[in-house]
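See structure below.
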Amino acid sequence: VIRATTADTWLPHFTVTNAAGQASKPKALATCNDSYRPPAFSGFGMLSVVTFNTDNPSDSHATSVMGDGQIVYASAQRMYVATNGWDGVINNAGGNNTVEPSANTLIHAFDIRDKTDAAYVSSGKVRGTVLNQFSLSEKDGLLRVATTDPSGGSQSFLTVLQNNGEAYVPIGQVGGLGHGERIYAVRFIDNAAYVVTFRQVDPLYVVDLSDPTKPTVKGELKITGYSAYLHPIGPGRLLGIGQEATTEGRRLGVQASIFDVSDPSAPRLVAKNVVGGNSSTNAEYDHHAFLYWAPAKLAVIPLSIYDQQQQFNGAIGMRVNDASVDEVGRMQPPAQNGYSPGIER
């Protein structure tokens, strides 16, 4: 079956439908000259970065790489697509060969400076898995990546990669972050990375990246609970949205925390507001659900509470200052058929 196929069988295609509903014939999304195989096996899929021509969609161009795609991060010059790594083919009894996922992350880089067509640059591999797009950051042409390796009791790493012309290769790494824990939040700001890990308590690590070949943990703060999203609110200040928890790791409800990171060697918790109850917020999982309006120093997040004392399904507003975070109001959509639809963002 494979020998009977042609390149056209494997390449992705697209059609253009006009305003009258007439569809064009299928056209190859990328040519063979625009299709690449990364150095390491990256899955059976075809990952394409398409540059759409909105004036003439038929004249759109794409660059394709044989690989999967899960998490996207972009700078002004590069688009990076990260996906789970693979261990290669495993020869099972009876000839039923399989490919198993590994505890590595594959990253494919594309040059997006040309407004008419993206260009594949190269790929790289790092130990551990990536949480979300905030786990990647580019500075001065170098890619910084925060990952968690679940094997061997679990620990997290921060790795700096450089493109050597053939692949993105590690030039610096610091490990041992949160033994027995996983990453819950990451934020890169200039030459610093702020990494939150959690299982029972919340270590907030401050990693110095001023020397990319020698990333260094400068400071660490251990408190109960965790932050799942970190947002800069001014020089030396971070606002964390997450959950309060007991010392055993049992969650106690949504909390907002203010961290003073002006001294990288001694990060401090200066204020927190715990909503409590059986509460949750979409801002833990989707940063689009978080709103910070700097002129009013106002943070707004969706909030759901379901416990014996109260039920609420709406949003909460908090006034955020350098050393305080106070609730200023809540809003809830009108009930429909006795049920509040809640607020997503």
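The values are calculated or read from the model by the stated rules, or taken from the named source; none is laboratory data. What you see is a predicted model; the values in this text were computed from it and never measured. Please note: Cβ atoms are built from the backbone with ideal geometry, for glycine as well, and neighbour counts cover all protein chains shown. These accessible areas exclude ligands, DNA and RNA; they are computed on the full protein's heavy atoms, side chains included. Shrake-Rupley method; radii C 1.70, N 1.55, O 1.52, S 1.80 Å.
Okay, here's what the table says:
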{"quantity": "Extreme residue, nearest to residue 107 (Cα to Cα), among residues of the stretch 165-189 that are modelled with pLDDT under 95 and open to solvent by 50 Å² or more (accessible area, probe 1.4 Å)", "calculated": "166"}
{"quantity": "The listed residue being within 27 Å of residue 286 (Cβ to Cβ), in contact with a strand residue (DSSP E or B) (Cβ under 9 Å, 6 or more places away or on another chain) and not in a strand (DSSP E or B), out of 240, 249", "calculated": "249"}
{"quantity": "Qualifying residues in the stretch 98-115 (those that are without any contact (Cβ under 8 Å) to a residue 24 or more places away in the chain and loosely packed, with under 10 Cβ neighbours inside 10 Å) - the one farthest from residue 50 (Cα to Cα)", "calculated": "98"}
{"quantity": "Any pair with Cβ under 8 angstrom, 6 or more apart, that starts in the stretch 142-160 at a residue that is on the phi > 0 side of the Ramachandran plot and ends at one that is aliphatic (A, V, I, L, M) and open to solvent by 10 Å² or more (accessible area, probe 1.4 Å)", "calculated": "none"}
{"quantity": "Qualifying residue in the stretch 129-144 (condition: under 21 Å from residue 51 (Cα atoms) and not charged (D, E, K, R))", "calculated": "yes"}
{"quantity": "Residue identified as of a type in the set (Gly, Ala, Ser), closer than 21 Å to residue 344 by Cβ and in contact with a strand residue (DSSP E or B) (Cβ under 8 Å, 6 or more places away or on another chain) among 271, 299, 294", "calculated": "299"}
{"quantity": "All positions within the stretch 59-83 that are surrounded by 18 or more Cβ atoms within 10 Å (Cβ to Cβ) and of a type in the set (Val, Ile, Thr)", "calculated": "63, 65, 71, 81, 83"}
{"quantity": "Filter result (open to solvent by 70 Å² or more (accessible area, probe 1.4 Å) and either within 21 Å of residue 115 (Cβ to Cβ) or over 33 Å from the mean Cα position of the chain (by Cα) (or both)) within the stretch 37-58", "calculated": "52, 54, 55, 56"}
{"quantity": "Where a residue in the stretch 225-241 is open to solvent by 10 Å² or more (accessible area, probe 1.4 Å) and its partner, wherever it lies, is part of a loop (DSSP other than H, G, I, E, B) and among the basic types (Lys, Arg), with Cβ under 8 Å and at least six apart", "calculated": "233/297"}
